[in-house]
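Inspection log for the structure reproduced underneath, given as structure tokens.
Computed from the coordinates by the stated procedures, all read-outs in this text should not be read as laboratory data. Quick caveat, the model's predicted, so the values are computed rather than measured. Virtual Cβ from ideal backbone geometry, glycine too; neighbours counted across all protein chains shown.
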Amino acid sequence: MKIIIVGAGQVGGTLAENLAREYADITLIDINERALRSLQDRLDIRTVVGTGCYPDVLVKAGIEDADMLVAVTSSDEVNIIACQVAYSLFHTPTKIARVRAYNYTNPKYKSVLFNDKNMPVDVMITPEQAVTDYIRKLIEQPGALQVLDFADGVIQLVGLRAVKDSPLVGQELRTLKEHMPKADARVAAIYRKDRAIFPVGDTVIEDGDEVFFIAAKKNIRKVMSELRRLEKPYHRLVIAGGGNIGFRLSKALEEHYNIKIIEFSPERTAYLSEKLNRAVVLNGSATDQELLLDENIEKTDVFLALTNDDEVNIMASLLAKRLGAKTVMTLISNPVYAELMQGGEIDIAISPQQVTISSLLTHVRQGDTVSVHSLRRGAAEALEFIVHGDAKSSKVVGRAIGDIKSPPGSTLAALVRNGEVIIAHHDIVIENDDHVIVFVVDKANTKAVEKLFAVGFTFF
């Protein structure tokens, strides 16, 4: 697959890094020569200096025979025009654009604007909305480190930290069914001191393990209670930063939670006060100890640092935790910072790049891929495939899970058939049109997983 990426910023750079390991033909376009040189020194990719929506620049990058254009610059307009040029002049099959402005993404206009007759963008990525949805799921499942939806939310993959004195800690995985006879679940992966452990029946869960399990959404809380003491639903939220993410999150949650926003800019504070109905908007610094104490930070269920400055987010989070905030979630763009802070004073470090990359990878992966989620800061992936074919044309259809030779480090965790969740046991037979969820501990094996679920030519 030949992929051209326009924009070598955080999203474009991270995407190039993810794809360069798997696809040989990646070209990156940007006006910043220094940024391109830095990436080219580390990655096996081609680079072109120039404006990514100019036809001549796209030709230089090889757009004429490209399979996909991904435009992720900081300018919505450049991204949209790049897709338009790729479609009008070169008939590029797949065009993906990063679009942030609500004026474009507003449902009232979106379907009219973005189609082959007007602005031919096949897939629109809105990073702020993707991050907002990600955080909202974490708030809805207290105690979870990651919450991922599959099959339109019918089934969820949840990551959490096991704690001592929980029913399953110190027990073998095979006892899971005994503990929950009415709630079927499957442990997809275990990380112990940052090392992946492939789960089998006699694997013993230890205190501090990061456990990823999959279950029907209705059973998630029951499974969580076996691995750690269930936390009470969150009520009081304090959000540091009233930018696009802070605003979107407040708008989505203000009817159900007690929300306070701390925003440094007086102008933005006035705007938020006007646009939000129930959330309390405060003008000030999230690193101001007196302000946090005045707002009863010690009674806060979740403190969310969502400014566009990593250092401010980290310092505000450390201060809030020190002053008594129960749970702290922090937006951290720098992957080095995220690695350092996760699991210490900061309970959950959220990488906006990894959340956005998950949205993009869905459209890059081969086969009938419904969704892709990047986990463990990009080290692992969870994929949802729709399987097609029959016993002759497919390597999985008509076969029991126990008879399928999965690539190393991959777990066929669950499937959804006609809206019904079926946890993967060795005797379950896969059928045509099943939605299959696969957990891949090592991304190096993702291509092998894609091939496993690809349909053969005899099917057509």
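In whole Hz, what ³J(HN,Hα) sequence does the range 158-171 give by Karplus (6.51, -1.76, 1.60; θ = phi - 60°), x for Gly and Pro?
Result, rounded to whole Hz: 10, x, 8, 9, 5, 10, 4, 6, 7, x, 8, 5, x, 10.
Cα-based Rg (one decimal) and Dmax (whole number) for the range 131-227, in Å?
When restricted to Cα atoms, the range 131-227 yields Rg and Dmax of 12.8, 38 Å.
Assigning unit charges at the beta carbon (Lys, Arg +1; Asp, Glu -1) and nothing else, what dipole magnitude in debye, to the nearest 20, does the range 131-227 show about its Cα centre?
Values: 15 positive and 15 negative charges, 37 e Å.
Dipole about the Cα centre, nearest 20: 180 debye.
Can you list residues whose amide H is under 5 Å from D347's amide H, if they're 5+ apart or on another chain and H is modeled 1.01 Å from N?
Long-range HN contacts for D347: V328.
Which three semi-axes in whole Å describe the equivalent ellipsoid of the range 2-125, each the square root of 5 times a Cα gyration tensor eigenvalue, listed largest first?
Equivalent ellipsoid of the range 2-125: 24, 15, 12 Å, largest first.
Jot down the per residue volume, in cubic angstrom and as a whole number, of the convex hull over the alpha-carbon atoms of the range 200-262. Please report the intermediate quantities before stating the final value.
Numbers: hull volume 9.4 nm³, N = 63.
In the range 200-262, the Cα hull volume divided by residue count equals 149 Å³.
What does the convex hull of the Cα atoms of the range 171-236 come to per residue, in Å³, rounded to a whole number?
In the range 171-236, the Cα hull volume divided by residue count equals 104 Å³.
Taking a 21 Å limit on the Cα-Cα distance, which of the listed pairs K164/K218; K137/K451; K232/K326; K193/K299; K217/K275 fall beyond it? Working shown, then result.
Values: K164/K218 25 Å; K137/K451 31 Å; K232/K326 11 Å; K193/K299 31 Å; K217/K275 33 Å.
Going by Cα-Cα distance, K164/K218; K137/K451; K193/K299; K217/K275 fall outside the 21 Å limit.
Give me Rg over Rh for the range 197-341, both radii from the alpha carbons and Rh done the Kirkwood way, two decimal places. Provide the component values of the computation, followed by the final result.
Working: Rg = 17.6 Å, Rh = 16.9 Å.
Across the range 197-341, the Cα-based Rg/Rh ratio is 1.04.
Name the GluC sites (Glu not before Pro) in the range 192-277 that are in a loop by DSSP and that have at most 12 other C-beta atoms within 10 Å, would you?
Taking the range 192-277 and a limit of 12 other Cβ atoms within 10 Å, the loop GluC sites (Glu not before Pro) found are E255.
What does the charge count near A215 come to, summing +1 for each Lys or Arg and -1 for each Asp or Glu among other residues with Cβ under 10 Å from its Cβ? Let's see the in-between values first.
Working: positive: R186, K217, K218, R221, K222; negative: D184.
Result for the local shell: +4.
Taking the chain as the region of interest, what is the percent of Cα-Cα pairs per 10 angstrom bin, listed from the shortest bin to the one with the maximum distance?
Once binned at 10 Å, the Cα pair distances of the chain give 4, 19, 27, 27, 17, 5, 0.
Please go through the range 303-397 and write out the trypsin sites (Lys or Arg not before Pro) that DSSP classes as loop and that have at most 12 other C-beta atoms within 10 Å. Show your work: numbers first, answer last.
Numbers: sites: K321, R322, K326, R365, R376, R377, K392, K395; in loops: K326, R365, K392, K395.
Those that pass, being in a loop and sparsely packed, are K392.
Restricting to the chain, compute how many DSSP beta bridges are antiparallel as a %, nearest 5.
Antiparallel bridges: around 50 percent, rounded to the nearest 5.
With only Lys, Arg, Asp and Glu charged, each at its Cβ (+1 for the first two, -1 for the last two), find how big the charge dipole of the range 369-460 is about the Cα centre; round to the nearest 20 debye.
So the dipole magnitude of the range 369-460 works out to roughly 400 debye.
Near the amide H of A240, under 5 Å away, which other amide H atoms are found, from residues 5 or more places off or on another chain, if H is placed in the peptide plane?
I262, L304, A305, L306
Over 18 Å apart: what share of the alpha carbon pairs of the range 29-90 falls there, rounded to a whole percent? Let's see the in-between values first.
Values: 612 of 1891 pairs.
Tail fraction, whole percent: 32.
Picking from S374, L15, L138, whose Cα lies most toward the positive end of the charge dipole for the chain (charges on Cβ: Lys, Arg +1; Asp, Glu -1)?
L138
Provide, as a two-decimal number, the C-alpha radius of gyration of the range 313-460 over 2.2 N^0.38 Å, N being how many residues it has. Before the final figure, lay out the partial values.
Details: Rg = 19.0 Å, N = 148, 2.2 N^0.38 = 14.7 Å.
After normalising by residue count via 2.2 N^0.38 Å, the value is 1.29.
How much net charge surrounds N115 when only the other residues with a Cβ under 13 Å from the Cβ of N115 are counted, with Lys and Arg +1 and Asp and Glu -1?
Values: positive: K95, K110, K117; negative: D116, D122.
So the surrounding residues net to +1.
I need the GluC sites (Glu not before Pro) found in the range 1-49, filtered to DSSP loop residues with at most 11 other beta carbons within 10 Å of theirs. Spell out each step's value before the answer.
Working: sites: E17, E22, E33; in loops: E22.
Taking the range 1-49 and a limit of 11 other Cβ atoms within 10 Å, no loop GluC sites (Glu not before Pro) are found.
Which value, in debye to the nearest 20, describes the size of the charge dipole of the chain about its Cα centre when Lys and Arg Cβ atoms bear +1, Asp and Glu Cβ atoms bear -1, and nothing else is charged? Let's see the in-between values first.
Details: 53 positive and 61 negative charges, 112 e Å.
Computed charge dipole of the chain: roughly 540 debye.
Find the percent of Cα-Cα distances in the range 388-460 that exceed 20 Å, and round it to a whole number. Walk me through the intermediate numbers first.
Working: 681 of 2628 pairs.
Tail of P(r) above 20 Å: 26 percent of Cα pairs.
What's the local net charge at N432, with K and R +1, D and E -1, over the other residues with C-beta under 14 Å away?
Details: positive: K392, K395, R399, R417; negative: D368, D390, E431, D433, D434.
My count for the surroundings of N432 gives -1.
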